[in-house]
Structure formats: C-alpha cells, structure tokens
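Each remark here refers to the structure printed beneath this line.
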Amino acid sequence: MSQASGIRARRCGSGGTAPGVRKARWPPPAGSGTRGPLCCSWAADFCSTPKAVPFRRARRFSTSISNIIKTVSVASGRKRWDIMASVWVGHRGTIKDYPGFSPSVDAEAIHKAIKGIGTDEEGLISVLTERSNVQRQLIVKEYQAAYEKELKDDLKGDLSGHFQHLMVALVTPPAVFDAKQLKKSMKGTGTDEDALIELLTTRTSRQMKEVSQAYYTMYKKSLGDAISSETSGDFRKALLTLADGRRDESLKVDEHLAKKDAQILYNAGENKWGTDEDKFTEILCLRSFPQLKLTFDEYGNISQKDIEESIKGELSGHFEDLLLAIVQCVRNTPAFLAGRLRHALKGAGTDEFTLNRIMVSRSEIDLLDIRYEFKKHYGYSLYSAIKSDTSGDYEHALSKICGGED
C-alpha cells in the first residue's frame, strides 16, 4: 500500500459564533423544489446513522437509486441512464460518461485493486477518474451488492492521506459532497469563511436545494441553523439568503429593473451617510447573474465607479468578501475559481481541502474553462501547478481529473 503524500498542512479560516438560531421549516413546504429524491437516497447511503432518520420522513424523501435506474431509454443504439444528474453536469467538464460503461466490470476491477496485500493505485485511478459521477454511483451500488461492503469504507481502510480523501470524494454524490464540505468548513473551533463563500456563491439555486436536503439528511440539522450558529451579522444574513436557493436563474434580463436596482445600490451606499447593507444583500443574493451583470453596468453609469470599488469602500470583513465574490462570479465564475485554486496551490502550504473540492466538484461542469482562466491570468497551466505542488498517487489522480496541459 503506498503512502500518498507530498502536500503540506491546509490553512484554516477563523471566525466566531453568534447568538440566535434561524429555524428552518422542515419538511419544506410543497412546491419549494427541495424534494430531489436521488439526493436524499444518496445522502442516506453516506450518513453514518441512516436508521436515525424518522421512518415516515425517510419514506417521503428517499427513493432508491435502483428504482431510478429503471428509467432507461435507448438513443442512437445505446443505453442512457436517466438519473437526474443534469443539475450537476455542464458542457465544459474534463470528465464525461465513459463509453461502454459496465458497473459490474468496474466494481470487480476496483475490488481486485484493493483486496489482499498491497493496493493497485493505478487501477483505482484509471477507473474512478475516467467515469462520470452518475457512473461512479452505479459502481458504488454494484460494489455493495456484490461484496456486501461500502466502497467508501474499503477505500478509507486501504488508502491514506490526501489520496484517500480524493478517492472518497470521487465516489460521493455531488450534493452529499458539498454538504460534507460545508460541515467541515463550520466544524471545530474556527469557521472557514472562504470555503463557505466559495460554496454558496458558485452553486445554483437548484444545486443549493439538493445540498440543503442532503445536509439535513446526514446531520439532522438544517443548513440554515448550522450557518446561523457559526456566523453573525450581515454576513450571516447574506449566507442564509444564498443557502435558501432563491436566486432567480432566468436568462432573461430587465433593463428597467437593472436601472432601478443600480439606483437602489447607489442610494444605499455611495449616496448616503452610512450603508444600507440589506439592500446589497437583497439585490446581489437574489437577482440572476445575467440581471446583475446589467445592473453593475448601470451602476457604473450612475456612480462613475465600478461596483467592486464601491463595495470595498462601503463594506468590510467577511460580508465584503462575500459580495466581492458574488460580483466576480457574475462576471466570470471560472476565473473566480481559478483564483481560488492558485491560492490553494501557492505559498508555504497546499490547501488540499480547497484543491480537492474545486477539482472534483467542477470536473463535470466547467473545469476546462477554469484551466483556461488559470493559464490566462497566471501565465502557467493548472496542470503544471498540480504537478509542481503535489506528488505521488495524489498528484497522478489530480492530473487525470485536470485532463491535461494547456
């Protein structure tokens, strides 16, 4: 068994707790859009005490993946599993569905790679970095059925270090992975505000609804309550608004609304003594990205300042950081995430917590665009940065997910 190392300790954020807990409605009201059945099923699989979920609630919100897999259509002479994964899949990822995929063959290959003395790390990497997450979940189910063991548990028992964390992340459903990342960012004596900001500003409303449901299923506590207990003030209000998943996702823009919102932002900040933070939260956390892009253009016309400049002058602390992250994501989400990766890879230590999260979560969405922005802004490729800052099996697996040199 090899020891995958080559990375220094990750950096942690700091923060405090605040009084007051926001009570979330659960089960969510009808029509809230939070009843994604697959997410809850997967979350139960990854929860350490699934039997603790009340039976009636679990029955209402859980649907076995085996039932969903029965929805099979035939297109262009090949089978397609319709497993509601589109919310987590984009068009610019480095990992695609593997052609000729067979979950039983892959489950057997993985079992051979980790059974007995020694581990075939290359075999694990070859399978898990070349299958889409939907396919990996089918492997997980097949593995459990064939060997009566949880694949994630066998990986944890046979691997170690950062390589283990990455391999387990790859076999974790996206919403469950994000829920675990959120939990980890709020666990212990300090809160990792940068991780909270990244997660909540780069996920869509539909993704956040699935993440919130997964969080409740695993931890028996709403995401809103968790955020409320670990953050405070305007920062907490904005995070809770984002966590609710209520941002408009329409691609249509309203020029009149953009001018109105721009004026409201100007009046709430530059044009008054003091700042009305609630107006910034309401507009930046609820309007669609295309709408905000037009609003920021109108704001520049009114104030003769860029919205980022105004935020830096009017606000402070983590609330300022959050709103600046929203502005950056509105303008170019891949560039924002490229910056996060560079920060994780440079300096005295590599932040594998951030590195794993972005590489895994964006591998089927926009990692190709993140690679492009990384090279454009920093003059060297993400691929070369990974090879320079990591080593061993961990480096090999990350490089495969990255997908190549630019």
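The values are calculated or read from the model by the stated rules, or taken from the named source; none is laboratory data. For clarity, every value in this text was computed on a predicted model and none was experimentally measured. Note that each Cβ is placed from the backbone with ideal geometry, even for glycine, and that neighbours are counted across all protein chains shown. Just the protein is used for accessible areas: all its heavy atoms, side chains included, with ligands, DNA and RNA removed. Shrake-Rupley method; radii C 1.70, N 1.55, O 1.52, S 1.80 Å.
The test for being within 24 Å of the chain's Cα centre (by Cα) and farther than 18 Å from Glu352 by Cα holds for Gln137. Filter segment 366-381 down to the residues that are open to solvent by 10 Å² or more (accessible area, probe 1.4 Å) and assigned to a loop (DSSP other than H, G, I, E, B), then identify the one that is farthest from Asp97 (Cα to Cα). That would be Gly379. For beta carbons closer than 9 Å, sequence separation of 6+ or different chains, a first residue in segment 286-304 that is more than 22 Å from Glu249 (Cβ to Cβ) and a second that is open to solvent by 50 Å² or more (accessible area, probe 1.4 Å) and of a type in the set (Lys, Arg), the qualifying pairs are Asn301/Lys259; Ile302/Lys259.
Filtered by the rule that a residue be among the basic types (Lys, Arg), surrounded by 15 or more Cβ atoms within 10 Å (Cβ to Cβ) and part of a helix (DSSP H, G or I), segment 286-327 gives a lone residue, Lys293. Only a single criterion out of (1) assigned to a loop (DSSP other than H, G, I, E, B); (2) surrounded by 15 or more Cβ atoms within 10 Å (Cβ to Cβ) is not satisfied by Ile110, namely (1). Scanning segment 178-228 for residues that are modelled with pLDDT of 95 or more, open to solvent by less than 10 Å² (accessible area, probe 1.4 Å), among the polar types (S, T, N, Q) and within 18 Å of Asp351 (Cβ to Cβ) turns up Ser185, Thr201.
Go through the residues of segment 336-346 one by one and say whether even a single one is touching a Ser or Thr at 6+ places or on another chain (Cβ under 6 Å) and either acidic (Asp, Glu) or open to solvent by less than 20 Å² (accessible area, probe 1.4 Å) (or both). Yes, segment 336-346 contains at least one residue that is touching a Ser or Thr at 6+ places or on another chain (Cβ under 6 Å) and either acidic (Asp, Glu) or open to solvent by less than 20 Å² (accessible area, probe 1.4 Å) (or both). When Thr172, Thr201 are checked against the criterion of being within 18 Å of Val89 (Cα to Cα) and assigned to a helix (DSSP H, G or I), a single residue qualifies: Thr201.
The residue list Glu249, Glu308, Glu298, Glu320 contains one member that is more than 26 Å from the chain's Cα centre (by Cα) and not polar (S, T, N, Q), which is Glu298.
Which residues, taken from segment 338-365, are in a helix (DSSP H, G or I), of a type outside the set (Lys, Arg) and within 11 Å of the chain's Cα centre (by Cα)? Those that are in a helix (DSSP H, G or I), of a type outside the set (Lys, Arg) and within 11 Å of the chain's Cα centre (by Cα): Thr354, Asn356, Ile358, Met359, Val360, Ser361.
For segment 258-270, the criterion of a residue being of a type in the set (Asp, Glu) and at pLDDT below 95 is satisfied by at least one position. Checking each residue in segment 129-147 for being among the charged types (D, E, K, R) and either under 11 Å from Pro173 (Cα atoms) or in a helix (DSSP H, G or I) (or both) picks out Arg136, Lys141, Glu142.
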